[in-house]
Amino acid sequence: MSVAERIERKLASGLDLAHLEVVNESGGHNVPAGSESHFKVVLVADAFGGERLLTRHRRVNALLREELANDIHALAIHAYTPDEWRERFGAAPLSPPCLGGKRRAAEGAG
């Protein structure tokens, strides 16, 4: 499993997200082609309500502790509440993170 996939899975399972983007920005840095060392994550969650930015970042860092210790050199975190997201980017609907076909199949959906 790629680093990006691990990041996505851990954040999606650790937070009730309305929106999640995981962007591998390694190609813009002086690293070998195909590297997974520099990432940006954009998260939207009600859980961030009332939290300071530092607290939000600490929450994300705790979920990604293993990846930060072993794989990730740089992580840009953009964490918003749904209201903050709408104020900043407009009323476009948010999409929850995809849980993949395996979960759907396990739930008996066709």
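The values are calculated or read from the model by the stated rules, or taken from the named source; none is laboratory data. None of these values were measured; they are calculated from a predicted model. Neighbour counts run over all protein chains shown; Cβ positions are idealised from the backbone, glycine included. Note: areas computed on protein heavy atoms with side chains; ligands, DNA, RNA excluded. Shrake-Rupley method; radii C 1.70, N 1.55, O 1.52, S 1.80 Å.
Listed values, structure above:
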item: Amide H contacts under 5 Å for Tyr80, placed H, 5+ residues apart; result: Leu43, Val44, Ala45
item: Computed accessible area, Arg6, all protein chains, 1.4 angstrom probe, square angstrom; result: 60 Å²
item: FRET efficiency estimate (nearest 0.05) - Cβ-Cβ, Glu51 to Asp71, R0 22 angstrom; result: 0.25
item: Other-chain or far-sequence residues with amide H under 5 Å of Phe39's (modelled H); result: Glu25, Ala74, Leu75, Ala76
